[in-house]
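K.L.:
This is the structure I have questions about; it appears just below.
What follows is calculated from the coordinates using simple rules that are stated; it is not laboratory data. As the structure is a computational prediction, the values presented were derived from the model and not from experiment. Virtual Cβ from ideal backbone geometry, glycine too; neighbours counted across all protein chains shown.
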Amino acid sequence: MTHNHTLGAAGEDLAATFLQQRGYTILDRNWRCSVGELDLVACTADRIVAVEVKTRQTGVCGHPFEAITPAKVARLYRLVRLWCEAAEAHGPVQVDAIAVSAPPDAPAVIEHLQAIG
Amino acid sequence: MSRVGRTRSIALVGMSGAVVEVEADIGSQLPAFHLIGLPDAALGEARERVRSACANSGLALPARKLTVNLSPAALPKHGSGFDLAIALTALAACGEVNVDSVAAAVHLGELGLDGRVRPTPGVLPAVLAAAAAGCARVYVPTANVAEASLVSGIEVVPVASLREAAQRHGATLEDEPDPGDDAGAVEGAGARPEVAASIPRENGPEVGDLADIVGNMAAVDALILAAAGGHHLLLLGPPGAGRVCSHPGCRGSFPTCVRHRPLMWRVSARSPASRWPGASHIVRRLKHRTTRRAPSHWWGAGVA
């Protein structure tokens, strides 16, 4: 794995823990299909939530959220519906974004945006 | 985060100004910057200027959806003079500056990417409109302060940078890390040459006398008639005919005016024309709606 893959996986671990502490149940991780990949799939009491996790060590490339474009959000909505189809799950869907800012010499900061797009 | 920032700026409508309320809201969505309320192309680009100016002034806007509304939304807004108001209202919405302080003032000025406040055309009619609307304080670019100070009944605060404006509104910022060439401008001293440059026709050699004009009797007669009767005047002719040379002589021949007359003179003769350097020789206030664009063509194409 490259450095970025390792960093991304570490960020997803942090995000999964963060969501579990807030009452989400993690259903799937790194689910792939021909359209793309979902970092995390979770559920709350009433809906299925796909979570896009962006992890950055520095702010050189901008804020992690800035990397999530409208096209990416549209793809995430397609993906979560495909996941529901594959998992035979039903119910309203939602896409969340989590930014993990993890500088090497300081504790990670997690920001969570719900129902983006 | 859920606060709405507000301030005011002025939209120029022909020769006069209209007060525009600028409001900003920061929502819990992915980073975006929406500017609504009929901005033109130059004003639409304020989004990029404001984001960069804030970041380079140590006042980064949050990575969230920022919506800025210019009200009344149906009034078309032109130009870059709203930049300062947009930046400060956004900073007020995210809690970087005092919301009440920003809301109480009118802001005019274009922002550079490094956060400097650049002069903007039409400051005089804008400040006149602010004063007429009962506004107590107006922030203007340092380079426009001489023009803005012609208006009485309103406090004019010159600002050289967004950083300085934010500090005046209660932002807690460390001292400028890099003095660079901005240091003088921030203190106000370095901008003196610009002040002079912004009103070059106030007291230079161009304010002459009709007696200085040799020949050109038809133009001189027309100038005298126009000056005496307060009429509009169009000087039309090929390059070299003496239009530029004869008009300044006319200004020097005007009698001393009462207070509001020279102000109206300046509003008509300089501010709208200052959008187009070198085209500030309109003789009287242009009243017809179709003459708004005339100054840019006044001398070259002869559009009336």
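K.L.:
Over every pair of different alpha-carbon atoms in chain A, take the mean of 1/r and invert it; report that Kirkwood radius in Å.
P.N.:
For chain A, inverting the mean 1/r across all distinct Cα pairs yields 14.5 Å.
K.L.:
Taking the alpha-carbon centroid of each part, what is the distance from region B:211-238 to region A:49-117 in angstrom?
P.N.:
First find each Cα centre; the distance between them is then 70 Å.
K.L.:
Return the long-range amide H neighbours of residue A:55 (sequence gap of 5 or more, or a different chain), with a cut-off of under 5 Å between placed amide H atoms.
P.N.:
For residue A:55, the qualifying residues are A:100.
K.L.:
For residue B:133 and residue A:3, FRET efficiency with R0 = 51 Å and r from the beta-carbon atoms, rounded to 0.05?
P.N.:
Calculated transfer efficiency: 0.30.
K.L.:
Could you tell me which residue out of A:70, A:95, A:50 lies farthest along the dipole of region A:4-107 toward its positive end? Charges go on the beta carbon: Lys and Arg +1, Asp and Glu -1, centred on the Cα centre.
P.N.:
Going by the Cα projections, it comes out as A:70.
K.L.:
Once phi is turned into θ = phi - 60°, what whole-Hz ³J(HN,Hα) does the Karplus curve with 6.51, -1.76 and 1.60 give for every residue of region B:52-61, x standing for Gly and Pro?
P.N.:
My calculation for region B:52-61 gives 5, 4, 5, 4, 7, 9, x, 10, 4, 6 Hz in order.
K.L.:
About its Cα centre, what dipole magnitude does chain A give when the only charges are +1 on Lys and Arg Cβ and -1 on Asp and Glu Cβ, stated in debye to the nearest 20?
P.N.:
220 debye
K.L.:
I'd like the FRET efficiency for residue B:224 and residue B:60, computed as 1/(1 + (r/R0)^6) with the beta carbon distance as r and R0 of 41 Å, rounded to 0.05.
P.N.:
That gives a FRET efficiency of 0.10.
K.L.:
Can you list residues whose amide H is under 5 Å from residue B:75's amide H, if they're 5+ apart or on another chain and H is modeled 1.01 Å from N?
P.N.:
Excluding prolines and chain starts, which carry no amide H, there are no hits.
K.L.:
Another one. Between residue A:13 and residue A:28, what is the label-point separation in nm under the 7 Å Cα-to-beta-carbon projection?
P.N.:
In this crude label model, residue A:28 to residue A:13 measures out at 2.3 nm.
K.L.:
Okay, next question. Nearest 5 percent is fine: what portion of the DSSP beta bridges confined to region B:89-181 is antiparallel?
P.N.:
30 percent
K.L.:
Round to a whole angstrom and tell me the spacing of the C-alpha centers of region B:15-36 and region B:124-174.
P.N.:
Between the Cα centres of region B:15-36 and region B:124-174 lies a distance of 20 Å.
K.L.:
Along the three principal axes, how long is region B:24-160 when you take its alpha carbons, biggest first, rounded to the nearest angstrom?
P.N.:
45, 33, 27
K.L.:
Rounding to the nearest 10 and keeping the result within 0 to 90°, find how far the Cα-based axis of helix A:3-21 lies from the longest principal axis of chain A.
P.N.:
Relative to chain A, helix A:3-21 is tipped by roughly 60 degrees.
K.L.:
Given H placed 1.01 Å from N in the peptide plane, which residues other than close sequence neighbours of residue A:28 have an amide H under 5 Å from its amide H?
P.N.:
For residue A:28, whose amide H was placed from the backbone, the distant partners under 5 Å are A:41.
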